[in-house]
1. Hand me the tally of lysine pairs in the range 15-147: alpha carbons under 14 angstrom apart, and the pair either on different chains or 8 or more positions apart.
2. Considering only protein heavy atoms and a probe of 1.4 Å, how much of the accessible area of the chain is carbon and sulfur, as a whole percent?
3. Set the Förster radius R0 to 41 Å, insert the Cβ-Cβ distance between Tyr437 and Lys496 as r into 1/(1 + (r/R0)^6), and round the FRET efficiency to 0.05.
4. Have a look at Asn97, Ser476, Ala273 and report the one farthest towards the positive end of the charge dipole of the chain, computed about the Cα centre with Cβ charges (Lys/Arg +1, Asp/Glu -1).
5. For the range 413-474, what is the charge dipole size about the Cα centre, in debye to the nearest 20, if Lys and Arg each add +1 at the Cβ and Asp and Glu each add -1 at the Cβ?
6. Please figure out what share of the DSSP beta bridges in the chain is antiparallel and state it in percent, rounded to the nearest 5.
7. Give, as a single signed number, the net charge of other residues whose beta carbon lies under 9 Å from the beta carbon of Phe58, with Lys and Arg counted +1 and Asp and Glu -1.
8. Choose one of Gly181, Ser229, His313: the residue whose Cα lies farthest towards the positive end of the charge dipole of the chain (beta-carbon charges +1 Lys, Arg; -1 Asp, Glu; about the Cα centre).
Amino acid sequence: MKKLFSFFLLVFPAVIFAQQIDVQHYKFEVELSDAADAINAKATTTVKFLADASQLQFDLIGLEEEKGMKVFMVKEGNAVLQSFQDLDKLVISLKTNAKKNEIRTFEISYIGTPKDGLIISKNKFGERTFFSDHWPNRARNWLPVNDVPGDKASFEFIITAPAKYRVISNGMLVEEKKLGGNKKLTHWKQTDPISTKIMAMGAARFAVKSFNENSKGIPVSAWAYPQDSAKLFYDYAVAPSILQFFIHYIAPFPYSKLANVQSTTMFGGMENAGAIFYSEELVSGQRKSEAIVAHEIAHQWFGDEASEKSFAHLWLSEGFATYLTNYYFEKTYGKDTAYKRMQNEKQKIIGFLKERNSAVVDSTTDLMSLLNANSYEKGGWVLHMLRQEVGDSAFRKILQTYYHQYKGSNADTRDFEAIVEKVSGQELTWFFDQWLYRPGIPVLKMETGTSKNEFILKVKQEGPVYQFPIEVQLTSDDGTTTTKKFLVKDEKHEFKMPIKTNGADYSEWHLKIDPDGKLLYRLKE
């Protein structure tokens with residue numbers, strides 16, 4: 001490969017520079033077979049050039065050790081273009097240089113066996129299945145794409161497969177027809193631009209159920225392996241009500257349908273826009289997966305339609321879906337249920353920080369490592385504390401304003417911060433800096449005592465100093481309760497609470513720190 005790479009630099013020197021393109025539309029035509037795992041494919045891609053260019057590149061994993069994609073022709077109109085493949089790039093030399101803001105269309109024909117990204121395997125019942133699995137940047141394993149979250153495009157999948165399979169994808173079904181040779185063509189089209197990470201295609205032997213009677217005009221369905229259909233249809237019958245909950249709380253549903261699909265892929269749930277893929281093992285027939293369904297549906301707004309600019313800001317996707325799931329449980333099953341969920345998530349955060357002390361906004365290049373308690377649970381807790389800081393009404397308005405401003409596009413943490421400050425009227429840089437850009441959480445040591453008719457609480461922060469409000473609740477044996485909120489912003493604080501002893505000893509008062517679970521911290525004994 002060293003010789004090939006040297007040739008690559010000689011012939012295509014511009015590839016070392018970051019290209020500036022905005023993909024407008026992809027059309028993927030793919031033929032699947034039961035005879036082999038190799039695919040035969042063509043991608044027709046329309047690109048807007050954001051700067052003058054003599055070359056164009058797409059992310060595409062090349063052929064190595066019998067797996068990967070091999071491009072055999074690139075065309076623009078009737079003209080055949082020169083191209084070159086490295087291990088993970090397809091570089092195309094333009095016959096005529098592109099001008100800034102020029103829109104042009106290219107046709108890429110290729111074959112190969114995917115290393116990843118399209119999982120061709122057998123499900124738990126031993127039946128052959130085909131499922132895309134793109135997060136975070138794995139679409140390039142079988143599709144020539146600009147595989148970054150910030151470049152959203154409309155697209156279509158035209159899949160030719162054995163006739164026994166049903167094919168699901170994002171968007172709406174354009175055509176389904178039988179072909180000769182016991183094959184079938186299925187054409188799905190997604191008109192709203194989305195990131196490559198949530199473009200989806202699945203082909204398997206499916207049973208399908210519609211929940212349209214409960215979905216208020218939005219087509220909602222469940223796609224199950226036939227052997228699991230009765231259980232799965234019961235499990236995912238909660239989807240329409242969850243969907244309506246978030247429509248009411250956030251905004252209208254951004255996509256044309258919502259399919260909930262049993263799949264054989266890497267993740268427990270994958271929030272593909274309008275076509276969520278769930279692990280085949282989640283089926284129980286007892287609705288044990290309601291939280292996962294809520295999480296993935298919440299993603300349709302946050303992570304799918306309003307996306308992070310880069311994976312360093314993944315919490316804008318995973319933290320939002322995590323907290324909105326807890327909010328759904330709070331409003332559906334009560335505050336006690338949400339409290340228990342939040343406390344369990346706090347323990348996950350504490351456990352994670354013992355292994356890895358990193359900030360939530362994390363620029364690591366190991367993207368899979370971002371699937372951790374920082375991005376999910378701590379991101380959710382940050383939203384929970386923000387809700388306490390600004391109040392319920394302002395918090396909801398913040399989410400709605402952020403979504404409406406960035407739907408169809410991308411944001412980072414500072415963009416969200418600007419929305420928060422504008423809506424709340426508060427300066428909150430300190431809040432974002434300490435919770436999202438600094439590793440760890442507050443570590444508190446508490447000492448208590450009494451002086452006459454006062455309860456004394458001494459709070460010491462061990463490690464970096466945070467600013468936060470903390471509530472303290474005192475309850476006597478006779479049921480008398482006193483609650484007070486204190487603002488902590490220094491390393492050491494001493495707070496006093498007046499108490500009416502009525503002759504009772506201090507030992508008969510019971511102390512509870514943060515009784516309603518509003519603060520993320522670790523208490524040091």
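The values are calculated or read from the model by the stated rules, or taken from the named source; none is laboratory data. Just so you know, these numbers come straight off a predicted model, no measurement behind them. As a convention, Cβ positions derive from the backbone with ideal geometry for all residues, glycine included, and neighbour counts pool all protein chains shown. The accessibility values were calculated without ligands, DNA or RNA, using every heavy atom of the protein model including side chains. Shrake-Rupley method; radii C 1.70, N 1.55, O 1.52, S 1.80 Å.
1. The result is 9.
2. That fraction is 49 percent.
3. With R0 = 41 Å, the Cβ-Cβ based efficiency is 0.75.
4. Highest projection toward the positive end goes to Asn97.
5. It works out to roughly 240 debye.
6. Approximately 80 percent, going by the DSSP bridge assignments.
7. So the environment of Phe58 carries a net charge of 0.
8. Farthest along the dipole direction, towards plus: Gly181.
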